[in-house]
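Some notes on the structure that comes next.
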Amino acid sequence: IFADPKYRELRIIAIIEPDSLPNLVTNLSTPACQQAADATHGYVPNTRYTLSKFYPITNVYSYVDIGHSGWLGWTDNFGKAVTLIGDAIKGATGGVNSVAGFVSNTSGYTPLYEPFLDSLANSAFPGSGGGTQTRQAKFYEWNPHFSEVSFVTAWRNAMIAAGFPSNIGMLVDTSRNGWGGANRPTAQSTSSVLDTFVDQSRIDRRAHRGNWCNQRGGVGERPQVAPVAGIDAYVWVKPPGESDGAASKELSFDPQDPAKGFDRNCDPTFTNAAGTTTGAMPNAPVAG
């Protein structure tokens, strides 16, 4: 379809396999992800196949998904992801030229900026005398990337250092990371207790950064081109308001896709592994 001559004047932006390669970085303890790591039939060879098919179509611009800062932002995850995703792309027909860039925060809730915390992401908690890092807070768990612009900027620089062209760009999904409303902080906290300071200062109001299903976020920045150096665009990959998954097993049957499973992370009454409630909205329908 993309190669049909009647579309040659249309620029097509292809978002390549959200969550797939990132799952191979962090979730290989899950049997399904172990299967997806298969060298012949798994995500890596299939991503290469996809990129190789799109590469000759000059009006198609492929952006490979890189999860989000609250997933691959930790130093260890970040380094492994750069290697795995970079090598996957280099194995495609066009090598490093197979992609226009990368996309983060697909269907995600991480804000573009944490205006009252970003400057402290790699520095000591104020008043601690240097003995406590701000990123030690329970919400960030030592992750040095509090927000998405920080993450994608670091990712772009790492990929260029790994041999990708200097003109690669980033996309960020802003369809649900607005976090507006009455609960949005308007100033940095004055608390001398680290977790309280972070919780009162952050605009991301989730109970845990791993909460991903039907959060009470809000529409973020409207799609726009070149909002920040190195970022090609803010985009709405996930249509605002579209469900991430059913709030209960009773609501989860989809006649168009009976195999679609129920995920307890979409259940607002469930307490997750981090010891927090999921924050998912009740009565949500099946994904999509």
Cβ neighbours within 10 Å, averaged per peptide: list 46-59, 119-132 in order, most packed at the top. 46-59, 119-132
Given a Förster radius of 25 Å and the C-beta distance between VAL228 and GLN136 as r, what FRET efficiency does 1/(1 + (r/R0)^6) yield to the nearest 0.05? 0.35
Computed for the chain: size of charge dipole around the Cα centre, +1 on C-beta of each Lys and Arg, -1 on C-beta of each Asp and Glu, debye to nearest 20, value 280
What does the accessible area per residue of the stretch 89-179 come to in Å², with a 1.4 Å probe and no ligands, DNA or RNA counted? 33
Output needed: percent of Cα pairs per 10 Å distance bin for the stretch 140-288, bins running from 0 to the one holding the longest distance. 10, 29, 33, 22, 5, 0
What part of the accessible area of the chain, given as a whole %, is carbon or sulfur when the probe is 1.4 angstrom? 52
Unpartnered Cys in the chain, judged by a 4.7 Å Cβ-Cβ cut-off, are CYS33
Run the simple label-point estimate for GLN34 and THR93 please: 7 Å along Cα→C-beta, distance reported in nm. 3.5
Evaluate 2.2 N^0.38 Å with N set to the residue count of the chain, then give the Cα radius of gyration divided by it. 1.04
Tensor-based shape of the stretch 142-206 (alpha-carbon gyration tensor, a/c under 1.5 rounded, otherwise prolate or oblate): oblate
Where the centroid of each part is defined by its Cα atoms, how far is the stretch 17-39 from the stretch 102-148 in Å? 26
Residues in the stretch 36-69 that a label on ARG8 would reach, taking backbone N under 16 Å of a point 7 Å out along Cα→Cβ: 56-60
Share, in percent, of DSSP beta bridges within the chain that are antiparallel, nearest 5: 25
Considering only Cα-Cα distances, which of the following residue pairs are longer than 25 Å: LYS80/LYS249; LYS6/LYS53; LYS53/LYS90; LYS238/LYS260? LYS80/LYS249
Compute, for the stretch 1-138, the length of the dipole vector about the Cα centre, with Cβ point charges of +1 (Lys, Arg) and -1 (Asp, Glu) only. Units Debye, rounded to 20. 180
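The values are calculated or read from the model by the stated rules, or taken from the named source; none is laboratory data. Keep in mind that this is a model prediction, so the values were computed, not measured. Virtual Cβ from ideal backbone geometry, glycine too; neighbours counted across all protein chains shown. Each accessible area value is taken on the protein alone, full model and side chains, heavy atoms only, with ligands, DNA and RNA left out. Shrake-Rupley method; radii C 1.70, N 1.55, O 1.52, S 1.80 Å.
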